Each structure stands twice: as structure tokens, then as C-alpha cells.
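Trainee: Shown below is the structure under consideration.
What follows draws every value from the coordinates through simple rules; no lab data is involved. Since we're looking at a predicted model, the values are computed, not measured. Neighbour counts are summed over all protein chains in view; Cβ atoms, including those assigned to glycine, are modelled from backbone coordinates with ideal geometry.
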Amino acid sequence: MTKFQDAKVEILKDETLSKNWYHLRNVTFNYTDSNGVTKKLKREVYDRGNGATILLYDPKRESVILVRQFRMPTHLNGHSGWLLETPAGLLDGDHPAEAIRREVMEETGYLVTDVRPLFQAFMSPGAVTETIHFFAAIIDATQRVEEGGGAAHEDEDIEVMEVSLVDAMDMIGSGEICDAKTIMLLQWAMLHRHVLAIC
């Protein structure tokens, strides 16, 4: 342990600022830093629950299944809002593997049974509590069992796309793919193609 890991945190107040779709909190806390100095700090924290995402890979076609949907926050930050992503969703109280199987069917129409857990990551730890569980699964891209397109009750409007892994990597460079979780999974796939090829 370093002296920085010895820093102490004491939460003084945890206020709810908004609780609509997600939960926005204002946390007041005492922070005793690495030099032993205690300061009273405030941070706004966005709590939207934890999630899961998955790389759907067809080794015969060397392709991945991605989804395109509209994301308002990116639209407000100068993007068109239409992001190309790996299938993903919130856990909603389910085990991560069960949640991602559900999301894959809702969004893409593919049935996956064997999902391989890869790693977990905080996506924006300075402001958001969410951790994402990352998975991979081998599919046959020609064996889609339902239409997909998202859950109607959640007003989802999702386009399902098959893209070669090589093209997907090029789309990162061109900016067509700019979603962090998707970039992470595609880069993982490139590093582990030899494993995916024999699955």
C-alpha cells in the first residue's frame, strides 16, 4: 500500500438531487489526503445501476454483430447521436450473464447460451457509479431466431448490423465507432482472434 491508498473517506451527507430514470446524488464527505490533511468535499454522483455488454463473434465469417441506436447525451455533445455499439443493457437485478442473454435477444434476435465472462470496468469513475461486465460469445450470424430491434416498452429503435472485425477496427479509426465499451471489446477480439477462431 502507498500513502495515497491510506487516504480516508467519511461520508457526511448523501442527498438525492433527482430520481427519475436514474439517480443523481450530491455526496458531502471528509477526505483525509495522503499528507494527513482533512478537507470537506462535495461531488455529484450519477447512479444508473450496473450493466453488461457482449462481443458477438462469428469465426467462420470473421464478423461481429453490432447495434445502432440513438443516444441523446452524445447528440447534445455535437455527435449525430446514432452510435454503433456492442449489445448492452442494465442488469435490472439479474445475474450479469442472464442479463446479457436477455439483452442480446431483445436487441439483436440472436439466442446465445454460452457467454464467456471477460472482465469488468468502471466506464466513467469520476461521476458515474456504473460498472460494466464484459462478455464474449460465438455465434453463427446466419442463425438469427428473432427480429430484435429492442424492447418496445422501452421505446428502443435499434438497427442490427453485421460488420467484419477488420472493418469494425477501421471504423474506430474513422470515428464511426466511438463508444468506449465497443472499442474495448473489438480490441480484445483482435488480441484474441486465435482463441476465437477455435471456439
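Trainee: Once the convex hull of the alpha carbons of segment 68-161 is built, what does its volume come to per residue, in cubic angstrom? Mind dumping the intermediate values first?
Mentor: Numbers: hull volume 10.8 nm³, N = 94.
With only Cα atoms used, segment 68-161 gives 115 Å³ per residue.
Trainee: Something else about it: Of all DSSP beta bridges located in segment 51-197, what percent are antiparallel, nearest 5?
Mentor: Values: 21 of 28 bridges.
Among the beta bridges of segment 51-197, antiparallel pairing accounts for roughly 75 percent.
Trainee: Cα-based Rg (one decimal) and Dmax (whole number) for segment 53-114, in Å?
Mentor: Taking only Cα atoms of segment 53-114, I get Rg and Dmax of 13.3, 39 Å.
Trainee: Moving on to the next point. Using a 7 Å offset from the Cα along the Cα-to-Cβ direction at both L17 and D92, what is the distance between the two label points in nm, to one decimal?
Mentor: 2.8
Trainee: Which entry is the computed percent of Cα pairs over 29 Å apart for this structure: (i) 21; (ii) 16; (iii) 33?
Mentor: Derived directly from the coordinates: (iii).
Trainee: With the convex hull built on the Cα atoms of segment 3-47, state its orientation-averaged projected area in nm². Write down the numbers at each step before the final one.
Mentor: On the way: hull surface 12.8 nm².
Hull-based average projected area comes out at 3.2 nm².
Trainee: Could you tell me the distance between the Cα centroids of segment 3-47 and segment 153-193, to the nearest Å?
Mentor: 34
Trainee: Excluding same-chain residues fewer than 8 positions from K13, which aspartates and glutamates have a Cα within less than 14 Å of its Cα?
Mentor: Once the sequence-local aspartates and glutamates are set aside, what remains near K13 is E44.
Trainee: Right, here's the next one. So which residue, out of I65, I54, I172, gets the largest mean-square fluctuation from a GNM of the chain using Cα contacts under 10 Å as springs?
Mentor: I172
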